[in-house]
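Right, one structure below, let's go through it.
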Amino acid sequence: MTDTRQVRRDQPYWWVAAPPVSLDGQTLPLTADVVIVGAGYAGLAAALELARAGRDVVVIDKQAPGEGASTRNGGITSGNLRPSHANLARRFGKDRADAIILEAKAARDDLYRFIAEKEIDCDFKLVGRFAGAMSARQYEALARESDYLSKNLGIEAHAVAPADMHRHIATDIYCGGSVRMDIGGLHPGKLHAQMLRLALATGVRVIGHTAVTEVQKSTQGFAVGTDRGAVRARDVIIATNGYTDPLDRWLQRRIVPVRSRIIVTEALAPGLLDRLLPTRMMISDKRKLSYYFRPTPDGTRLLFGGRDGTFAGDPSWPTDHLHREMTRIFPDLQGIGLAHSWYGYVAMNRDMMPRVFQREGIHYATGCCGSGVVWLRWAGRKVAEKILGTSTTSALDFGPPKSIPLFRGKAWFMPAVFAVMKIQDRMARR
Ligand SMILES: Cc1cc2nc3c(=O)[nH]c(=O)nc-3n(C[C@H](O)[C@H](O)[C@H](O)COP(=O)(O)OP(=O)(O)OC[C@H]3O[C@@H](n4cnc5c(N)ncnc54)[C@H](O)[C@@H]3O)c2cc1C
């Protein structure tokens, strides 16, 4: 059952310790209470919740479970939202903005409680996160937001003035930043593997390498067609996020899959990472085309991620680009070799908010916009609670995302969007 193949350089570093398990050849049942499409964090979190409440659950994935974004990500438990609190307050009002931020806090706490109570071995450390500002203006905005979060919403956050920045990160590229102590890092592959183990132990049937090809409404629920036969179910959850395919053309017009790429260095000389990242925090920055980076859990390598910017073809351009950006931040990494470079798809939508919603009886959890370790697991739980009738509201109840004009699943406009963002990033530095 376990894939024992060697992990290639173009595959995730995480697969060395936690290779995805194929789970192919499992028998497809004829019926289930709930069929879940997609076996990432969202699908498995929903499945666990439903199975614990006694529901008969089948999770179907067209790849090995977890082979989507859930074993490819940076493992930063950000529960981040693209818009700032000030922006949320402008769009939704202050009370709703507070409720969204507080739900992110609850989602983070829920993940940390799950890891502790279920003794999930996923190298989790609540080390904090430093967000770097690219200009004095961004620094002031970060300082204002930190102040609001700590005084009004009970979140441990503070600004870090440029003069104090070297306590956290040995670079002069940022104009100060902010620290959030409620964010940490984990091994995403191990988290997924442990969620899968728990789901199987709770009686969930997880079926890999089986594509769901249609979901038809029937008198008593849904007929779910796959390339290996059909399953009848009372409820269906679509948890396909950045890997949404023509199974759901309606969703495909609303979710933009964007490649995010990560590089991991060779093991670094002893002491080097202590010098570059003295507090070993998770790092991100406030660019529109932002970078995120962190030490690997064993503390020997740097993991550095950002937008890939390509659709297909030779990975050497995006890999070289990330390598260049990494050494721009840390000149000491000049000449350091890379052990891995891989990509995965994050799911963007028009308002950049994660959400849960229902359409024509089908439940959806989607739209992480690059921050799904906390959010998509939480969204999966929220969808399950809606099916069970144990929770009716969530700050993520934004309804379906709006469709994107002239978009049918291939993000042809992204090069232009990236070019504009690049210019905005340059202007922001002035
Ligand atoms: C490179 C990268 C770095 C990231 N870094 C971070 C980070 O540091 N912190 C953070 O919070 N988030 C991060 N993210 C985002 C996070 O990984 C995702 O938001 C999260 O894993 C999404 O989980 P999911 O369960 O919704 O979807 P996924 O894990 O992507 O699972 C969706 C699954 O649906 C399956 N599927 C699709 N269509 C079908 C079909 N027709 N039939 C059957 N199966 C189907 C796919 O095979 C896939 O396995 C990152 C993402 C990437 C790609």
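Those residues that are surrounded by 12 or more Cβ atoms within 10 Å (Cβ to Cβ) and part of a loop (DSSP other than H, G, I, E, B), I need them from segment 162-174; list them, please.
His168, Ile169, Ala170, Thr171, Ile173, Tyr174
State the number of residues belonging to segment 54-84 that are closer than 16 Å to Arg205 by Cβ, more than 6 Å from the ligand (Cβ to nearest atom), out of contact with any Asp or Glu (no Cβ under 8 Å at 6 or more places or on another chain) and aliphatic (A, V, I, L, M).
Counting residues in segment 54-84 that are closer than 16 Å to Arg205 by Cβ, more than 6 Å from the ligand (Cβ to nearest atom), out of contact with any Asp or Glu (no Cβ under 8 Å at 6 or more places or on another chain) and aliphatic (A, V, I, L, M) gives 2.
Which residue, of Leu273, Leu322, is in a helix (DSSP H, G or I) and free of Cβ contacts under 8 Å to residues at least 60 places away in the same chain? Break it down stepwise before answering.
Values: Leu322 fails: free of Cβ contacts under 8 Å to residues at least 60 places away in the same chain.
Only one candidate qualifies: Leu273.
What residue, of Leu126, Leu153, Leu102, Leu196, is hydrophobic (A, V, I, L, M, F, W, C), within 16 Å of the ligand (Cβ to nearest atom), within 24 Å of Leu376 (Cα to Cα) and surrounded by fewer than 17 Cβ atoms within 10 Å (Cβ to Cβ)?
Values: Leu153 fails: within 16 Å of the ligand (Cβ to nearest atom); Leu102 fails: within 16 Å of the ligand (Cβ to nearest atom); Leu196 fails: surrounded by fewer than 17 Cβ atoms within 10 Å (Cβ to Cβ).
Every option except Leu126 fails the conditions.
Checking the conditions here, which among Asp285, Asp308 is buried (at least 21 other Cβ atoms within 10 Å of the Cβ), among the acidic types (Asp, Glu), under 30 Å from Val37 (Cα atoms) and within 15 Å of the ligand (Cβ to nearest atom)? Walk me through it before giving the result.
Numbers: Asp285 fails: under 30 Å from Val37 (Cα atoms).
Just one listed residue meets the conditions, Asp308.
For segment 181-210, give me each residue that is touching a residue at least 60 places away in the same chain (Cβ under 8 Å), in a helix (DSSP H, G or I) and basic (Lys, Arg). Explain how you work it out, then say what you get.
First, pick out the residues of segment 181-210 that are touching a residue at least 60 places away in the same chain (Cβ under 8 Å): 182-196, 198-199, 202-210.
In the following step, the residues that additionally are in a helix (DSSP H, G or I) were identified as 188-196, 198-199.
Lys190 - this is the single residue of segment 181-210 that is touching a residue at least 60 places away in the same chain (Cβ under 8 Å), in a helix (DSSP H, G or I) and basic (Lys, Arg).
Could you identify the single residue in Ala97, Ala107, Ala116 that is assigned to a helix (DSSP H, G or I) and surrounded by fewer than 17 Cβ atoms within 10 Å (Cβ to Cβ)?
On the way: Ala97 fails: surrounded by fewer than 17 Cβ atoms within 10 Å (Cβ to Cβ); Ala107 fails: surrounded by fewer than 17 Cβ atoms within 10 Å (Cβ to Cβ).
Of the residues listed, the single one that is assigned to a helix (DSSP H, G or I) and surrounded by fewer than 17 Cβ atoms within 10 Å (Cβ to Cβ) is Ala116.
Kindly list, by first and then second residue, each pair from a residue in segment 168-180 that is in contact (Cβ under 8 Å) with a residue 24 or more places away in the chain to a residue that is in a loop (DSSP other than H, G, I, E, B) and acidic (Asp, Glu), limited to pairs with Cβ atoms under 9 Å and residues at least 6 apart or on different chains.
Cβ pairs passing all conditions: Val179/Glu156; Arg180/Glu156.
Residues of segment 259-275 being among the hydrophobic types (A, V, I, L, M, F, W, C), more than 16 Å from the ligand (Cβ to nearest atom) and touching a Lys or Arg at 6+ places or on another chain (Cβ under 8 Å), which ones?
Residues satisfying the conditions are Ala267, Leu268, Leu273.
State which residue pairs qualify: first residue closer than 13 Å to His168 by Cα and polar (S, T, N, Q) and inside segment 282-296, second residue surrounded by fewer than 21 Cβ atoms within 10 Å (Cβ to Cβ) and at pLDDT below 95 in any location, beta carbons under 7 Å apart, and separation of 6 or more residues or different chains.
Sorted first by the residue in segment 282-296, then by its partner, the pairs are Ser284/Ser290.
Please specify each residue of segment 6-45 satisfying the condition of being polar (S, T, N, Q), modelled with pLDDT of 95 or more and away from the ligand (no atom under 15 Å from the Cβ).
Thr31, the sole residue that qualifies.
Among the residues of segment 211-221, is there at least one that is in a loop (DSSP other than H, G, I, E, B) and within 15 Å of the ligand (Cβ to nearest atom)? If you could, list the steps in order and put the result at the bottom.
Within segment 211-221, the subset in a loop (DSSP other than H, G, I, E, B) is 211, 219-220.
Going one step further and asking which of them are within 15 Å of the ligand (Cβ to nearest atom), we end up with 211.
Yes.
Taking the condition basic (Lys, Arg) and closer than 19 Å to Pro318 by Cα, does Arg301 pass?
On the way: basic (Lys, Arg): yes; closer than 19 Å to Pro318 by Cα: no.
Here the answer is no, as Arg301 does not meet what is asked.
Quick one: Ile262 ticks every box in (1) without any contact (Cβ under 8 Å) to a residue 12 or more places away in the chain; (2) on the phi < 0 side of the Ramachandran plot bar one, so which box is it?
Result: Ile262 fails condition (1) only.
Give the residues of segment 297-317 that are of a type in the set (Lys, Arg) and closer than 16 Å to Ile169 by Cα, sorted by residue number. Quick ask: steps written out before the conclusion?
Within segment 297-317, the first condition is being of a type in the set (Lys, Arg), and the residues that meet it are 301, 307.
If the condition is that a residue be of a type in the set (Lys, Arg) and closer than 16 Å to Ile169 by Cα, then Arg301 is the only one that fits.
Which residue is nearest to Gln63 (Cα to Cα), if the candidates are limited to segment 243-258 and must be in contact with a helix residue (DSSP H, G or I) (Cβ under 8 Å, 6 or more places away or on another chain) and either within 10 Å of the ligand (Cβ to nearest atom) or part of a helix (DSSP H, G or I) (or both)?
Taking segment 243-258 first, the residues in contact with a helix residue (DSSP H, G or I) (Cβ under 8 Å, 6 or more places away or on another chain) are 243-246, 252, 255-258.
Pick out the ones that are also either within 10 Å of the ligand (Cβ to nearest atom) or part of a helix (DSSP H, G or I) (or both) and you get 243-246, 252, 257-258.
On the way: Tyr243: 10, Thr244: 12, Asp245: 12, Pro246: 15, Gln252: 18, Pro257: 17, Val258: 19 Å.
So the residue we want is Tyr243.
The values are calculated or read from the model by the stated rules, or taken from the named source; none is laboratory data. These numbers come from a predicted model, not from an experiment. No Cβ is skipped: glycine too gets one built from the backbone with ideal geometry, and neighbour counts run over all protein chains shown.
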